[in-house]
Amino acid sequence: MNKAETIERLLPEIGSPRASGEHFAPSNIALCKYWGKRDAELNLPVNASLSVSLATLGTRTRVEPIDAEQDQVYLNGLLQAPDSRFADRTRRFIDLLRVNQPQLAFRVDTHNNIPTAAGLASSASGFAALTRALVEAFGLSLSPTEQSVLARLGSGSACRSLFDGFVEWQMGQREDGLDSHGVALPASWPQLCVGLVKVDAGEKPVDSRSGMQRTVETAHLYQSWPLQASSDLARLHEAIDSLDFALLGSVAEQNALSMHATMIASWPPLLYWQPQSVAMMQKVWQLRREGLALYFTMDAGPNLKLLFEAASRDAVLAQFPGIEVVEPFAAGAA
Ligand code: DP6
């Protein structure tokens with residue numbers, strides 16, 4: 001099954017865009033990671049994953065139909081070259097909705113308040129925001145769940161950015177992927193904090209898509225990943241239900257390190273860490289030995305995301321001055 005066939009099932013009729021559309025979507029950090037696809041075309045995952053959305057950190061996207069030969073794609077105010085990776089991915093995603101109207105062109109304005117491609121999941125919030133903006137522009141009646149399915153076709157982790165708070169991406173079973181989408185958990189954790197430690201905010205050399213493909217194809221160690229992920233997912237639910245922070249932090253950290261172990265065991269090896277990443281991990285472990293309830297997670301990049309509770313905020317900031325702290329469940333956030 002290809003993307004066009006999925007769209008046909010999701011949206012049997014797509015009219016002309018009525019107006020412009022503008023929406024925000026939060027970035028998200030996975031506590032149990034999505035790593036590996038059972039269907040690369042549709043971004044269908046090998047395992048279910050669970051994330052927390054980053055409240056006001058994310059992407060705001062505006063789309064507007066224009067009278068032009070091709071799309072004009074802006075990122076943080078800068079017009080992107082038509083053959084750039086960003087413009088190309090954006091255009092190909094919009095193509096899904098202009099199947100019968102190839103002459104349609106859009107101006108797309110994307111503003112990230114997180115560094116693009118720095119392992120801070122800007123593609124997740126980017127495709128979620130683009131999905132919501134396009135749904136509005138085309139006047140489509142799609143539920144949040146259906147929008148999550150659509151966003152997944154742009155980037156897997158984007159299906160979780162349609163929602164706030166804790167979100168589980170249910171992997172689904174269907175071949176067309178209509179049952180593979182984010183589901184918001186009815187849970188809140190007002191004390192939870194996420195600290196963003198930027199080791200390197202530059203473009204990463206191997207993107208998640210190619211990284212996970214390489215891992216699935218070349219790392220024997222990957223065979224243990226689905227088992228790890230499903231046990232971690234169950235334990236995360238337990239931690240969230242009982243607000244057990246030590247359980248949440250330890251499962252998230254072990255899950256991230258297990259994912260990185262499968263990457264390192266790929267060929268050619270895939271090591272996203274920089275010396276500074278390792279130094280930060282060791283610092284977290286040392287602080288934990290000294291009694292601070294501090295854990296980390298990492299995506300396909302060199303940056304750490306610290307996990308702690310509000311009571312430890314001052315102690316964490318004293319050790320990691322200047323880091324950005326997000327409270328996903330603070331009043332008004334989720
Ligand atoms: C390590 O969603 O960026 O951040 O579906 O190919 O676009 P594609 O991959 P992407 O992968 C994210 C991988 C991860 C873990 C996670 O967010 O769950």
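Mean sequence separation of contacting Cα pairs (under 8 Å, at least six apart), scaled by the length of the chain, corresponds to a relative contact order of 22 percent. Over the stretch 241-295, the alpha carbon radius of gyration divided by the compact-protein estimate 2.2 N^0.38 Å works out to 1.33.
Excluding same-chain neighbours fewer than eight residues apart, the lysines reachable from LYS283 by a Cα-Cα span under 16 Å are LYS198, LYS305. Of the trypsin sites (Lys or Arg not before Pro) in the stretch 1-110, which ones lie in a loop per DSSP and count no more than 13 other C-beta atoms within 10 Å? When the trypsin sites (Lys or Arg not before Pro) of the stretch 1-110 are filtered for loop state and at most 13 Cβ neighbours within 10 Å, ARG18 remain. One quarter of the convex hull surface built on the alpha carbon atoms of the chain amounts to 16.4 nm², the projected area averaged over directions. Rounded to the nearest 10 degrees, the angle from helix 122-138 to the longest Cα principal axis of the chain is 30 degrees.
Dividing the summed helix terms, -39500 (n - 2.57) for each DSSP H run of n ≥ 4, by the number of residues in the chain produces a 222 nm estimate of -11000 deg cm²/dmol to the nearest 500. Residues whose amide H lies under 5 Å from that of LEU44, counting only those 5 or more places away or on a different chain, are ARG38, ASP39; hydrogens are built 1.01 Å from N in the peptide plane. In the calculated pair-distance distribution of the stretch 3-184, the portion above 28 angstrom amounts to 17 percent of the Cα-Cα pairs.
Remark: spin-label model distance SER188-ASN2 equals 4.7 nm, labels positioned 7 Å along the Cα→Cβ axis.
With the simple spin-label model, which puts each label point 7 Å out from Cα in the Cβ direction, the ALA265 to LEU221 separation comes to 0.6 nm.
Just the number, please: percent antiparallel of the DSSP beta bridges in the chain, rounded to the nearest 5. For the chain, the DSSP antiparallel bridge percentage is about 90. Measuring r between the beta carbons of ASP83 and PHE24 and using R0 = 41 Å, the FRET efficiency lands at 0.90. Element breakdown for the chain at a 1.4 angstrom probe: carbon and sulfur atoms account for 50% of the accessible area. When only Cα pairs below 8 angstrom with a gap of at least 6 residues are kept, the stretch 3-184 shows a relative contact order of 30 percent. Seen from a random direction on average, the alpha-carbon convex hull of the stretch 192-326 projects onto 8.4 square nanometres.
The values are calculated or read from the model by the stated rules, or taken from the named source; none is laboratory data. Keep in mind that what you see is a predicted model, and the values were worked out from it rather than measured. Heads up, the Cβs are rebuilt from the backbone with ideal geometry, glycines too, and the neighbour counts pull from every protein chain shown. Protein only, heavy atoms only, side chains kept; ligands, DNA and RNA dropped before computing areas. Shrake-Rupley method; radii C 1.70, N 1.55, O 1.52, S 1.80 Å.
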